[in-house]
Amino acid sequence: MLGIFYWNNVYNQQIIESKDNAQVKRVVKLLKESKFRNQEQQSVVYGEHLIIEAGRNKLLKQVWVLKESYEKYYSLLSDCQCDIMVIPSTIMSKLNILDSIVDILGVINFVASTEFDNNADCLVLEHIQDPGNLGTILRAASASGIKQVVLSNNSVDIYNPKVLRASQGIQFNLVIFTNADISNILTNYQGQILAFTPHTENSLYEYDLTKPSAFIFGNEGQGLSDNILEQFTQQVKIPMLGNAESINLAMAATVAVFEMSRQRIYKKNERK
């Protein structure tokens with residue numbers, strides 16, 4: 001069957017059968033080591049959807065497909081202008097770090113860097129650790145219209161494959177600054193800067209979020225550091241009527257960005 005597919009001229013295709021192959025070892029290293037990902041400016045995505053999204057954004061470098069699944073993905077592979085690696089289940093198992101069955105993955109290039117926009121909304125995250133939280137937050141940010149996200153040092157790697165899975169490719173269309181010095185990057189920010197903490201009486205709902213805003217959220221367990229709270233004194237919280245002391249970080253960030261979105265939609269409709 002593979003011989004027929006080769007004859008149909010799918011782009012630069014190889015069969016790899018050894019787990020000791022140098023390219024296999026390289027992908028494993030990309031999966032496991034953040035430092036290596038940053039050095040190579042590449043990462044790994046799982047599944048058809050993320051491969052398609054990476055291709056649309058011209059980030060796709062390689063596709064690795066399970067030999068038995070080749071026919072299922074033939075149309076996708078025919079459209080991929082990149083190297084195609086056909087592998088057995090023994091290698092695919094070695095490349096799968098997720099808790100689900102995988103039969104196709106892609107190696108992608110990082111999104112090109114750009115400059116921080118001091119006049120645009122942004123979401124700033126200090127020491128965030130959970131890949132699922134970050135992926136969810138990126139999706140909420142994009143859905144609310146926020147285009148740029150800032151991550152401090154000691155935060156989960158934005159190109160961690162689990163973050164990529166949780167974000168479902170949304171981050172390919174965001175401007176994301178990693179390993180950032182929050183104080184430094186916000187030095188010349190022209191909008192309002194709101195630091196979220198439960199230790200204040202200021203409600204988010206009392207603020208005008210129709211103007212450019214930067215929302216700063218802290219670590220899942222510890223919240224914002226004392227250093228950040230000392231520097232950014234315009235502090236707010238999301239008021240809660242129930243008995244819960246706090247809500248999940250991703251949920252809190254989602255509430256905040258959609259309150260901003262709600263205010264802007266309301267203001268826009270008022271003008272009609």
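The values are calculated or read from the model by the stated rules, or taken from the named source; none is laboratory data. Remember, it's a predicted structure, so these values are computed and weren't measured experimentally. For neighbour counting, all protein chains shown are included, and Cβ atoms are generated from backbone atoms with ideal geometry for every residue, glycine included.
I'm told VAL257 meets every condition in (1) at pLDDT 95 or above; (2) assigned to a loop (DSSP other than H, G, I, E, B) except one. Can you identify the failing condition by its number? Answer for VAL257: the failing condition is (2). If you go through segment 30-47 and pick out every residue that is surrounded by 15 or more Cβ atoms within 10 Å (Cβ to Cβ) and of a type in the set (D, E, K, R), you end up with 2. Among residues of segment 103-125 that are more than 30 Å from GLU68 (Cβ to Cβ) and of a type in the set (D, E, K, R), those with a beta-carbon under 6 Å from a residue that is at pLDDT 95 or above and outside any strand (DSSP E or B) at least six positions away or on a different chain give the pairs ASP121/ILE146; ASP121/PRO212.
Restricting segment 141-150 to residues that are of a type in the set (A, V, I, L, M, F, W, C) and within 11 Å of the chain's Cα centre (by Cα) leaves a set whose member that is surrounded by the fewest Cβ atoms within 10 Å (Cβ to Cβ) is VAL149. Among residues of segment 245-257 that are within 20 Å of TYR207 (Cα to Cα), those with a Cβ under 6 angstrom from a residue that is β-branched (Val, Ile, Thr) and assigned to a helix (DSSP H, G or I), sequence gap 6+ or separate chain, pair up as ALA253/ILE137.
Considering segment 31-60, and only residues there that are in contact with a helix residue (DSSP H, G or I) (Cβ under 7 Å, 6 or more places away or on another chain) and not in a helix (DSSP H, G or I), the residue that is nearest to ILE170 (Cα to Cα) turns out to be ASN57. Of the strands (runs of 3 or more DSSP E) entirely within segment 92-207, those holding at least 3 residues that are farther than 25 Å from MET260 by Cα and among the aliphatic types (A, V, I, L, M) occupy 104-109.
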